[in-house]
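Below you'll find the structure, written out as structure tokens, and then a few comments.
The values are calculated or read from the model by the stated rules, or taken from the named source; none is laboratory data. This structure is a prediction, so every number in the text was calculated from the model and none was measured. When we count neighbours, we look across all protein chains shown, and the Cβ atoms used for this are built from the backbone with ideal geometry, even at glycine.
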């Protein structure tokens, strides 16, 4: 029985050494090999490497260090075990339970001042968690201090709290077991227990010093083989970086060397571990160095060789030259994480071209924040459609909180007690994948629900009582319940838009099969409201566990895809019951604390897949992940992101009095960067956000990258210049920048989509004339025209042309859903309401009678402001209807007139409305627009043409607007003018007609044909937008003025006869 230590700078060498050990058979083929690793990634890599070496590899267990030590404790001390009441999770609740009784003591004044009697608050729970974490670290790194506390020593509140916890504990904590373990092994009596026949530790680069004591002590009873990863073969425990040497006295400075700047700066964690290994190696039976120098053929290999041999160029020494085409180290500076991933995709394609034997499985990409980069990775690597540019990839290390669909839904549900239940929040629930599957909601049903809820003006809140609980007026308007009541009434009874039932206005929408969709919506809303009420109540831990199961059963449908995630979350419900039993914590806790506990559990629960699955592996930058890959890429190496800053609580005694071997998040990240340099075999790729997307200003990279570049410049040169300048590539803000496709730059891209989007280097402004020549005439069937179609054409001929001839519709983005009840009447709502009220007045109804129905629609502000808004609206309507009544002059209104006219080659049909015995009167209680005049003119031409064959028809037309009225007199020959209107319509089907209503009206004002006025209207001003802002006009005519010879011709043909018959 002995301790054997094998050290190497390469895992491949360690695998060969382990293979020699593994060839020595254990007592039985059924006895499993025990290999301690520090990550699941290392386990997978090692098992695959051994399978390649032996042909098959099985019957092996891979415990983590803590689990391995715990199993040794159990074997040596079978009657002693770690108390479940001393686990970190349980300690949190025990501390929360114990603290209130101790806060009155003088030593606890700092905690008493911090909590301020908020014993059951989230603040208290978070404090308990911090204390529990510190105590857990003490049991691993400061068990001597805990032993002193247990003997009654120590100052401050921590020893008192610790003793209170120990006094209420059966069993032992980790520190006590450690002492008992070492004491038992120091006795000369033989161990009457069954230990592992052989215990190997593989790829270990760091262990707590206490664990090393345990392993060296047990080595006299079983074989311990430690396969350690060490960056250098030289003794390096006393090297110091130059900046550290400055702090030393001259006498001590003479005794220190830098050796290699990277090793001196980044390797503190490894140095301390190396020092501890040297102490342990005094008891080693085998202490074997199996280092391998990879040579200096490339920059990367030269850096690794320098680290191995602890060398570096001194000031004044000649630097080693590098070839210009050395691509073993690549640095990319980008403007955003998205651009980092896009550039990485192109660079990997380039590497696959350069190294034909390189496969996606040979590439590892580590990011400083995997959750931040995961969406960009999926968007770039998952969206590639070209098979030649697409390669497999997997994303590892994602937490359930950020990647699980059920987890995301659960977190939304737990926020219900504090949610306002807005329309957006409700639709977010409805669109959730688990909800859609559980309630069988199809995508078109989601859109239907969205339209319904928007139509009935749902804004926020469950009902009137819900708002009252928030100390707000208890009105039901714009609530979920009011909206659903309107939808259900609309399904149950016919509605004309104004008839009320039980103070509710039915909303037409759900009929036939859509009633099933309405039923799903009502059921889901009811379940959400019920869950919200339950989650608002404090409950015990076990009751919260039951509630968690209820939520999953209510809102999630179990299937093969989500089974793993559902089991993980369901396990949390069982854990809550266990926690309550172990901690004896019976007090109810708030939803806020429960939500915090669930969130922390989900964030710490990783999806156990994605690492080394045969494609490019994307993962987080985690310590102890020194697995060799041919290409290792580091993304997000930003100054503010890496290395991470570990902030210990102010009461953490480890941070106050550090010792050799203590954990430090910052030092772990620094050593991780060093391991990444050593683990890359062919290419080390580093990327960071180094340019501001706002002003292109330079942003410094992580200090580790800066130190890395300084080391390169200290030792290497390219063409007599610092090597780092050749290694760094600065990229453009946009992936479709022309320079990537010019072939005249070191920048390049494989994206055909971005190539197609690039602007030409000598391009004109983004928008120019759409067509240089007319399209062929359309089918003659389009000469059969409906009046409404002709009117739509003249509203915007450019839009009509794009839609009819090019099938191009420029769809505007949907307006964001409103989450607040109306505090004022919107412009569109006001216009539609005024239109309804005017029609009611013309029918002889009292517009005031519409108030209740209008309020029930949810368009008016609630309460008294809604009444005031309606009165203001009614005043405008009254004034307008008085003008309209005067214009009608007591004449009767005629029925709508259907017509079918033949005008040259055209057939024009449709219906004329708003006819009185004496005139055609069009009206809108709104501001005058030029298109209103053109619409009136076309209708006027039709009316006058019909009047020639029917003398009873009027030949006058009026347009009444809120700010203007227009009169068109009778036309002697309307057929000629109408023929011209139709000819221009046909011309506008072959090319965009140079006509814009407002610009044309300004140009032709009083037949002045003033181009300056036209340009002012076209381009607009600071106070009023010009017609150039119209997307369709801009697309067809560009950014220049519409005014020109063709514009002049069209304007004169249309406006000359119109203005000749125009009166005020």
Counting only helices (runs of 4 or more DSSP H) wholly inside segment 930-1031, the ones holding at least 2 residues that are under 46 Å from the mean Cα position of the chain (by Cα) are 930-947, 997-1003, 1011-1019
Number of the exception - residue 605 against (1) farther than 30 Å from residue 95 by Cβ; (2) in contact (Cβ under 8 Å) with a residue 60 or more places away in the chain: (1)
If a residue must be in a helix (DSSP H, G or I) and surrounded by fewer than 19 Cβ atoms within 10 Å (Cβ to Cβ), how many such residues does segment 113-133 contain? 8
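Just checking, which of 563, 568, 601 is under 18 Å from residue 407 (Cα atoms) and surrounded by fewer than 18 Cβ atoms within 10 Å (Cβ to Cβ)?
Working: 568 fails: surrounded by fewer than 18 Cβ atoms within 10 Å (Cβ to Cβ); 601 fails: surrounded by fewer than 18 Cβ atoms within 10 Å (Cβ to Cβ).
None of the other options fit; the residue is 563.
Restricting to segment 959-969, name every residue that is touching a residue at least 40 places away in the same chain (Cβ under 8 Å) and under 22 Å from residue 895 (Cβ atoms). Give the derivation first.
Going through segment 959-969, the residues touching a residue at least 40 places away in the same chain (Cβ under 8 Å) turn out to be 960, 962, 965-969.
Correct list: 960, 968.
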Which one of these does residue 911 not meet: (1) touching a helix residue (DSSP H, G or I) at 6+ places or on another chain (Cβ under 8 Å); (2) surrounded by 16 or more Cβ atoms within 10 Å (Cβ to Cβ)? (2)
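Being within 22 Å of residue 584 (Cβ to Cβ) and either modelled with pLDDT of 90 or more or surrounded by 16 or more Cβ atoms within 10 Å (Cβ to Cβ) (or both) is the filter here, so list the residues in segment 170-205 that pass it.
The answer is 172, 173, 174, 176.
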For segment 408-475, please list each of the helices (runs of 4 or more DSSP H) lying entirely inside it that holds at least 1 residues being under 29 Å from residue 558 (Cα atoms) and without any contact (Cβ under 8 Å) to a residue 40 or more places away in the chain. 423-430, 433-438, 443-455
Count - residues of segment 917-958 that are touching a helix residue (DSSP H, G or I) at 6+ places or on another chain (Cβ under 8 Å), touching a residue at least 40 places away in the same chain (Cβ under 8 Å) and more than 26 Å from residue 1000 (Cα to Cα): 1
Is it the case that segment 929-941 has a residue that's at pLDDT below 95, in contact with a strand residue (DSSP E or B) (Cβ under 9 Å, 6 or more places away or on another chain) and surrounded by fewer than 17 Cβ atoms within 10 Å (Cβ to Cβ)? yes
So, residue 576, is that one outside the structural domain of residue 95 (by TED's automatic domain parsing) and under 31 Å from the mean Cα position of the chain (by Cα) or not? yes
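Take the conditions more than 21 Å from residue 506 (Cα to Cα), touching a residue at least 60 places away in the same chain (Cβ under 8 Å) and surrounded by fewer than 12 Cβ atoms within 10 Å (Cβ to Cβ) and apply them to residue 820. Does it pass?
Details: more than 21 Å from residue 506 (Cα to Cα): yes; touching a residue at least 60 places away in the same chain (Cβ under 8 Å): yes; surrounded by fewer than 12 Cβ atoms within 10 Å (Cβ to Cβ): yes.
Against the criterion (more than 21 Å from residue 506 (Cα to Cα), touching a residue at least 60 places away in the same chain (Cβ under 8 Å) and surrounded by fewer than 12 Cβ atoms within 10 Å (Cβ to Cβ)), residue 820 qualifies.
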Does residue 660 satisfy the condition of being at pLDDT below 90, under 19 Å from residue 231 (Cβ atoms) and exposed (fewer than 15 other Cβ atoms within 10 Å of the Cβ)? yes
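Consider segment 521-548. How many of its residues are outside any loop (DSSP other than H, G, I, E, B), over 28 Å from the mean Cα position of the chain (by Cα) and more than 30 Å from residue 452 (Cα to Cα)?
To start, the set of residues in segment 521-548 that are outside any loop (DSSP other than H, G, I, E, B) comprises 521-535, 539, 541-548.
From what is left, the residues that are over 28 Å from the mean Cα position of the chain (by Cα) are 522-523, 526, 530, 533-534, 539, 541-547.
In the following step, the residues that additionally are more than 30 Å from residue 452 (Cα to Cα) were identified as 539, 541-547.
Within segment 521-548, residues that are outside any loop (DSSP other than H, G, I, E, B), over 28 Å from the mean Cα position of the chain (by Cα) and more than 30 Å from residue 452 (Cα to Cα) number 8.
Between 489, 518, which is assigned to a helix (DSSP H, G or I), within 30 Å of residue 833 (Cβ to Cβ) and touching a strand residue (DSSP E or B) at 6+ places or on another chain (Cβ under 6 Å)?
On the way: 518 fails: touching a strand residue (DSSP E or B) at 6+ places or on another chain (Cβ under 6 Å).
The unique qualifying residue is 489.
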Residues to consider are 169, 232, 193, 189; find the one that is within 42 Å of the chain's Cα centre (by Cα) and part of a loop (DSSP other than H, G, I, E, B). 232
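Taking into account only those residues within segment 345-370 that are in a helix (DSSP H, G or I) and touching a strand residue (DSSP E or B) at 6+ places or on another chain (Cβ under 6 Å), which is surrounded by the most Cβ atoms within 10 Å (Cβ to Cβ)?
If we filter segment 345-370 for residues that are in a helix (DSSP H, G or I), which is where we start, we get 345-354, 360-362, 370.
Pick out the ones that are also touching a strand residue (DSSP E or B) at 6+ places or on another chain (Cβ under 6 Å) and you get 360, 362, 370.
Working: 360: 17, 362: 20, 370: 26.
For segment 345-370, the residue satisfying everything is 370.
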Would you be able to say whether some residue in segment 860-878 is free of Cβ contacts under 8 Å to residues at least 40 places away in the same chain and more than 27 Å from residue 827 (Cα to Cα)? no
Looking at (1) under 26 Å from the mean Cα position of the chain (by Cα); (2) touching a residue at least 12 places away in the same chain (Cβ under 8 Å); (3) not in a loop (DSSP other than H, G, I, E, B), which one does residue 567 not meet, given that it meets all the others? (2)
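Take residues that are modelled with pLDDT of 75 or more and surrounded by 19 or more Cβ atoms within 10 Å (Cβ to Cβ) and tell me which of the helices (runs of 4 or more DSSP H) falling wholly in segment 236-324 contain 2 or more. It would help to see each step written out before you state the result.
Numbers: elements: 242-245, 250-254, 261-266, 268-281, 299-308.
The qualifying helices (runs of 4 or more DSSP H) are 261-266, 268-281, 299-308.
Pick from 832, 887, 802: which is in the same structural domain as residue 919 (by TED's automatic domain parsing), on the phi < 0 side of the Ramachandran plot and at pLDDT 85 or above? Before you say what the answer is, go through the steps one by one.
On the way: 832 fails: in the same structural domain as residue 919 (by TED's automatic domain parsing); 802 fails: in the same structural domain as residue 919 (by TED's automatic domain parsing).
Exactly one of 832, 887, 802 is in the same structural domain as residue 919 (by TED's automatic domain parsing), on the phi < 0 side of the Ramachandran plot and at pLDDT 85 or above, namely 887.
Which members of segment 196-218 meet the condition of being touching a residue at least 40 places away in the same chain (Cβ under 8 Å) and either under 11 Å from residue 72 (Cβ atoms) or in a strand (DSSP E or B) (or both)? Spell out the reasoning first.
To start, the set of residues in segment 196-218 that are touching a residue at least 40 places away in the same chain (Cβ under 8 Å) comprises 196-212, 214-216, 218.
196, 198, 199, 200, 201, 202, 203, 204, 211, 214, 215, 218, listed by residue number.
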Leading residue by the ranking (modelled with the highest pLDDT) among those in segment 981-1028 that are under 17 Å from residue 1057 (Cα atoms) and surrounded by fewer than 17 Cβ atoms within 10 Å (Cβ to Cβ): 983
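Quick one: in segment 1032-1049, which of the residues that are in a loop (DSSP other than H, G, I, E, B) and touching a residue at least 40 places away in the same chain (Cβ under 8 Å) is farthest from the chain's Cα centre (by Cα)?
If we filter segment 1032-1049 for residues that are in a loop (DSSP other than H, G, I, E, B), which is where we start, we get 1038-1044.
Then keep just the ones that are touching a residue at least 40 places away in the same chain (Cβ under 8 Å); that gives 1038-1039, 1042-1044.
Working: 1038: 36, 1039: 36, 1042: 43, 1043: 47, 1044: 49 Å.
Out of the qualifying residues, it is 1044.
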Please note which strands (runs of 3 or more DSSP E) are completely contained in segment 673-753 and include at least 1 residues that are crowded, with 19+ Cβ neighbours inside 10 Å and in contact with a helix residue (DSSP H, G or I) (Cβ under 9 Å, 6 or more places away or on another chain). 680-689, 716-718
Starting from segment 794-807, keep only residues that are free of Cβ contacts under 8 Å to residues at least 12 places away in the same chain, then list their pairs with residues that are assigned to a loop (DSSP other than H, G, I, E, B) whose Cβ atoms are within a distance under 7 Å, requiring at least 6 positions of separation or different chains. 803/809
Restricting to segment 111-125, name every residue that is touching a helix residue (DSSP H, G or I) at 6+ places or on another chain (Cβ under 7 Å) and touching a residue at least 60 places away in the same chain (Cβ under 8 Å). 122, 125
Pairs with Cβ under 6 Å, 6+ apart, first in segment 647-667 and in the same structural domain as residue 621 (by TED's automatic domain parsing) and farther than 10 Å from residue 141 by Cβ, second part of a loop (DSSP other than H, G, I, E, B) and at pLDDT below 85: 665/646; 666/646
